[in-house]
Amino acid sequence: MADPMSIAGVGMSAAGGITSAFGKMTEAQGAKTQIAGSMLQTISKAFGMEVEAKQYDYQAMVADYQSKIDKINEATAKENANYERDTADRKVEQSEMKARYEEGAAKAQQGASGIDINSGSSTAVRESMIELGAYDANTIRADGARKAYAFDVEAMQDEAQSQLHTFASEMNKTQATDTRTAAGLTRMALPLQQQAMDIADTSGKLGALGSLLGAGTSVASKWTEGGGWGMFGGGANA
């Protein structure tokens with residue numbers, strides 16, 4: 001006659017082993033899912049860094065372009081300053097020539113009219129003409145210097161602006177390089193995460209196999225304790 005307790009023990013051992021094996025596999029699958037999520041986060045983070053690096057590249061290109069424009073403006077301002085100085089020098093020379101001509105013409109007229117060219121009034125007239133000529137020349141010089149100075153200041157401002165843009169470009173290039181380095185370091189975690197996933201998978205399989213083997217051992221032990229087929233009332237004396 002079958003032994004109900006022995007039969008129940010064998011069934012419980014088998015069922016417990018199967019349940020434990022499923023539990024190990026489920027636990028392993030949960031770990032793998034969590035690791036897969038971490039891998040997606042790693043990939044997303046690295047991609048975000050690459051996008052950020054490209055933005056730094058773009059900003060660097062813009063800064064380089066602005067720096068070149070500033071250099072062109074600086075050169076143009078310097079050329080304008082030199083032009084104003086040269087123009088002022090020519091105008092001064094023309095003004096002085098005109099003043100000398102007018103003084104000579106006045107002297108000739110005074111002499112032709114019979115006036116003593118060395119008299120006080122004659123000399124005063126010519127001196128006044130000389131003073132007016134010198135005043136005109138100085139006015140031209142001052143006006144040219146003022147315009148040239150304005151262009152010199154503009155050139156200095158353009159140069160300073162160019163240096164600022166160059167600095168900004170170098171900073172952005174450095175940021176781009178550092179960000180790409182960080183992206184590379186972030187990606188280095190992917191192989192380790194893949195290894196962790198493989199370990200979780202292997203661990204789950206080994207754990208399930210261990211549970212099944214343990215259940216098999218327990219069933220065999222219960223079988224032996226129950227007298228094998230005897231627990232079902234079988235055997236030679238049945």
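Taken together, the criteria exclude THR87 from residues that are buried (at least 17 other Cβ atoms within 10 Å of the Cβ) and at pLDDT 80 or above. Can we say PHE167 is over 14 Å from ASP70 (Cβ atoms) and either of a type in the set (Gly, Ala, Ser) or assigned to a helix (DSSP H, G or I) (or both)? No; evaluated as a whole, the condition is false for this residue. The residue list LYS54, LYS45 contains one member that is under 27 Å from MET188 (Cβ atoms), at pLDDT below 90, assigned to a helix (DSSP H, G or I) and within 60 Å of the chain's Cα centre (by Cα), which is LYS45. Annotation: of all residues in region 95-115 being part of a helix (DSSP H, G or I) and of a type in the set (A, V, I, L, M, F, W, C), the one that is modelled with the highest pLDDT is MET97. Does ASP158 satisfy the condition of being at pLDDT 90 or above and in contact with a helix residue (DSSP H, G or I) (Cβ under 6 Å, 6 or more places away or on another chain)? Yes: the conditions hold for ASP158. Of all residues in region 39-56, those satisfying the criterion of being small (Gly, Ala, Ser) and surrounded by 14 or more Cβ atoms within 10 Å (Cβ to Cβ) are ALA46, ALA53. Scanning region 57-84 for residues that are within 16 Å of the chain's Cα centre (by Cα) and either acidic (Asp, Glu) or crowded, with 17+ Cβ neighbours inside 10 Å (or both) gives ASP57, GLN59, ALA60, ALA63, ASP64.
Residue count for region 171-186, restricted to those that are surrounded by fewer than 16 Cβ atoms within 10 Å (Cβ to Cβ) and more than 13 Å from the chain's Cα centre (by Cα): 2.
The values are calculated or read from the model by the stated rules, or taken from the named source; none is laboratory data. Computed from a predicted structure; not experimentally measured. Cβ coordinates were reconstructed from backbone atoms using ideal geometry, including for glycine residues, and neighbour counts include every protein chain displayed.
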